[in-house]
1. Using the basic label-point model (7 angstrom from Cα toward the beta carbon), what is the residue 150 to residue 193 distance in nanometres?
2. Sort 74, 120, 157 so that the residue with the fewest other Cβ atoms within 10 Å of its own Cβ comes first and the one with the most comes last.
3. For the residues 59, 155, 138, 222, what sequence is obtained by ranking on other C-beta atoms within 10 Å, fewest first?
4. Remind me, relative contact order of region 159-231 in percent, using alpha carbon pairs under 8 angstrom and six or more residues apart?
5. Using 0.36 nm per residue, how much length does the chain from residue 202 to residue 55 gain when fully extended, once their Cα-Cα distance is taken away?
6. Where does each of 77, 229, 48 land when they are ranked from fewest to most other beta-carbon atoms within 10 angstrom?
7. Quote the FRET efficiency, to the nearest 0.05, computed for residue 93 versus residue 137 with a Förster distance R0 of 22 Å and r equal to the Cβ-Cβ distance.
8. Would you work out if region 159-231 is rounded, prolate or oblate? Take a ≥ b ≥ c from the square roots of the eigenvalues of the alpha-carbon gyration tensor; rounded if a/c is under 1.5, else prolate when a/b is larger than b/c, oblate otherwise.
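Only the coordinates and a few stated rules stand behind these numbers; no lab work does. All values derive from a computational prediction rather than experimental measurement. Glycine also receives a Cβ, built like all others from the backbone with ideal geometry; neighbour counts cover every protein chain displayed.
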Amino acid sequence: MFESRKTIAFLLIALLAGVLLITGCEGANEPSTESSENTGTVSDSGEVNLFTTRHYDTDQQLLELFEAQSGIKVNVVNAGADKLLERIELEGEDTQADLLLTADAGRLHIAKERDLLQSVQSETLFNNIPDKLRDRDDTWFGLTKRARVIVYAPDRVDPSELSTYEALSDPKWRGRIAMRTSNNIYNQSLMASFIELWGEEKALQWAEGLKENLAREPQGNDRAQATAVASGEADL
C-alpha cells in the first residue's frame with residue numbers, strides 16, 4: 001500500500017507540477033510539455049487549481065505530500081463531475097481549472113469531446129502509465145483502477161454460481177438482479193467495454209438478457225443496490 005501511494009504521489013506531482021490538462025476554447029490540440037516554458041503558469045503563481053470529484057482521505061494526504069515536496073499550493077475545488085465540466089465549459093479561456101481529477105474514463109471522454117482537455121507530453125507519465133490506461137491522444141491519464149464487484153445475498157446465492165458479468169444475462173437470474181440506471185456513467189462504461197470486446201450485436205444481446213433478469217426498475221446509487229440485496233428485494 002505504501003509503495004502504491006508513493007507511485008500515485010509521484011504521478012500527481014508530475015501532473016500538477018509539469019502539465020496543465022485543462023484548456024479554454026482555443027489551443028485544445030496544442031500539447032503541453034514538462035519544459036519550464038509550459039509550466040510557468042504554475043511556478044510563477046506558486047499555486048495550482050485542482051478540480052476534483054474525489055473525496056478520499058488518501059487524496060488529501062497525497063496533495064499534502066505534493067505541497068511539501070514542491071512548495072506549490074493546491075487549491076481544491078470539489079463538486080460533482082457534471083457541475084465541474086459545466087463550469088469549465090462556461091468559463092472557457094478564463095477557467096480557473098488547471099487539472100481535472102475524476103472517476104471513470106467515460107467522464108474524461110466526455111470532457112475530451114467537449115474540447116476541454118489538451119494533450120500532454122510527459123516522459124514521467126508515459127513511463128509509468130501503460131497505453132491502455134491513457135487516452136490515445138494523451139489528453140488524460142488513468143491513475144487508479146476501480147473494481148466492479150458483485151454484491152450477493154449469501155443465504156440465497158451460492159458463490160460458485162457467480163463467474164463473469166457476461167453470465168448475469170443467464171435466465172437462472174430472472175427477477176433477481178438490482179442495478180443502477182443505464183444513463184449512469186459506470187454502466188455506460190461497462191457496456192462500452194463489452195462492445196469493444198464482443199461487438200455491438202453480442203453486447204446488445206447481453207444487455208437485453210440482463211434487463212429480463214432485473215428484480216425491479218433500475219434506480220438509486222451503488223449503496224441502494226446493496227440495500228436492495230440486504231432487504232431481500234434482489235439477490236444480486
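1. 1.4
2. Working: 74 20, 120 25, 157 17.
Neighbour counts put them in this order, fewest first: 157, 74, 120.
3. On the way: 59 18, 155 7, 138 21, 222 13.
Sorted ascending by nearby Cβ count, the order is 155, 222, 59, 138.
4. Relative contact order for region 159-231 comes out at 50 percent.
5. Numbers: separation 147, 0.36 × 147 = 52.92 nm, distance 3.65 nm.
Contour length minus the Cα-Cα distance gives 49.3 nm.
6. Details: 77 14, 229 22, 48 25.
Exposure proxy ranking, most exposed first: 77, 229, 48.
7. Values: r = 21 Å, r/R0 = 0.93.
Efficiency for this residue pair is about 0.60.
8. Details: a/c = 1.84, a/b = 1.30, b/c = 1.42.
Cα axes put region 159-231 in the oblate bin.
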